[in-house]
Amino acid sequence: VTKTQVCQYFWQLCTLRNHFWHRRDFQGRFAAIRVFAAGAAAPDGETFAGWSRATSRLFSSGQSMRLDLRTDIVVQARWLERHNPHYLLTFPSNLHGLIEYFEHANVRLPALSEVIMVGEIVSPELRADCLRVLGVPLTDTYSSEEFGYLALQCPDHAHYHVQSENVLVEVLDDDGRPCVPGAVGRLVVSSLHNFAMPLIRYEIGDLAEVGGPCACGRGLPVLKRIIGRVRNLVRLPTGERRLPIVGYRGFRDIAPIRQYQFIQRTLEQIEVRLAVERPLTGDEEARLRVHIQQSLDYPFLIVFVYMPTIPRTKAGKFEEFMCAIPG
């Protein structure tokens, strides 16, 4: 997508709005772990005098640090311990690995006051784990490469406010009609400022639940939940599609699993990719198979595929469940 400087201007405005909404202290240390160029490589990453271009043009801000997301989780955690940031920005799947490390090591980051999510879907379980293990709240943002910011989490609630000054967001049902509050539909987005390459009613591929008016009084449209991409829904032989709940909390109770990913190959078969600390026993595989089938509420044929590590996309994202059935 070709963009203009005006698009970048609105990106910076939404960035500042996000900081102000959540009352962040610009003098704090801000750490970001996401996909960066080689300069942000382990073990030291990169350090800058201010947070970003958006903040530096208007405010004096504290140090910012960044580290490439492809760095080993243990190295990431020790990097965070050294820098002890006030704010951490990363992907949900990466935060999951960090939480596991800090819980096992019984370590917290003393200065940390908030974790900011980008790039992937945030589950209620991750919010709870972040508060339980790190002792701080989790704040989510919803954006895309095509449009920039689409919605920001309300500072008073867990739902999201559409950034209507930047984009027009519609949530449509299967017949193309606007969804009412409480209904789930596909997101269709129109750019309001990209005059170089306008995108009009562009189907972004995500699903969301519409929310009602927010008590915070901001007046912006509400998305109650960002559910994920259409390709992340499980398909049943009946033709039904639904959000897969795979029950990851029980995985570590069964076997020493470091990473996992589900690929639905056919209507009856799911490939389960695993990165493990040691080879699993036959009993562990059997228990894991039953656990997955019960979580998905269907007796899929489960095929285990073992990998040293499960790769991310070029953008650094990680999809827990993908439906690879054509069409």
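Of all DSSP beta bridges located in the stretch 5-142, what percent are antiparallel, nearest 5?
The antiparallel proportion sits near 15 percent.
List 2, 90, 55, 281 from most exposed to least, where exposure is judged by having the fewest other Cβ atoms within 10 Å.
Starting with the residue having the fewest Cβ neighbours, the order is 2, 281, 55, 90.
For residue 59 and residue 164 in one chain, what is 0.36 nm times their gap in residues minus the Cα-Cα distance, to one decimal in nm?
Roughly 35.3 nm would be gained on extension.
Which distance in nm do the two modelled labels at residue 4 and residue 293 give, with both placed 7 Å along the Cα-to-Cβ direction?
Distance between the two pseudo-spin positions: 5.9 nm.
For a quick check of your reading of the filter: which trypsin sites (Lys or Arg not before Pro) in the stretch 294-327 sit in a DSSP loop and have no more than 11 other Cβ atoms within 10 Å?
Sparse-neighbourhood loop trypsin sites (Lys or Arg not before Pro): 314.
Loop-only trypsin sites (Lys or Arg not before Pro) in the stretch 19-64, please: DSSP not H, G, I, E or B, and at most 15 other Cβ atoms within 10 Å.
23, 57
Which value in nm describes the separation of the simple spin-label points at residue 48 and residue 106, placed 7 Å from the Cα toward the beta carbon?
Modelled inter-label distance: 3.9 nm.
Tell me what the chain gives for mean residue ellipticity at 222 nm when only DSSP H runs of n ≥ 4 count, each as -39,500 (n - 2.57), the sum divided by the residue total, rounded to 500 deg cm²/dmol.
Value at 222 nm, helices only, nearest 500: -6500 deg cm²/dmol.
On the Cα set of the stretch 166-257, report Rg and Dmax in Å, please.
My reading of the Cα-based Rg and Dmax gives 17.0, 54 Å.
Among bridges DSSP assigns within the chain, what percent are antiparallel (round to 5)?
Antiparallel bridges: around 60 percent, rounded to the nearest 5.
List the GluC sites (Glu not before Pro) within the stretch 226-314 that fall in a DSSP loop (any state other than H, G, I, E or B) and whose Cβ has at most 13 other Cβ atoms within 10 Å.
For GluC sites (Glu not before Pro) across the stretch 226-314 that sit outside H, G, I, E and B with at most 13 neighbouring Cβ atoms in 10 Å, the list reads 240, 268, 277.
What base-10 log of the normalised intensity I(q)/I(0) is obtained for the stretch 5-142 from the Debye formula, alpha carbons as equal point scatterers, at q = 0.12 Å⁻¹?
-0.45
If you scale each eigenvalue of the Cα gyration tensor by 5 and take the root, what three semi-axes come out for the chain, rounded to whole angstrom and sorted largest first?
Gyration-tensor ellipsoid for the chain: 32, 28, 17 Å.
Based on the Cβ-Cβ distance of residue 245 and residue 41, what FRET efficiency does E = 1/(1 + (r/R0)^6) give at R0 = 35 Å, to the nearest 0.05?
E(calc), rounded to 0.05, equals 0.45.
When N counts the residues of the stretch 234-323, how does its alpha-carbon radius of gyration compare numerically with 2.2 N^0.38 Å, as a ratio?
Normalised Cα radius of gyration, the stretch 234-323: 1.06.
None of the figures in this text is laboratory data; all of them are computed from the coordinates on show. All of these numbers come straight from a predicted model, not from anything done at the bench. All Cβ positions, glycine included, derive from the backbone under ideal geometry; neighbour counts span all protein chains shown.
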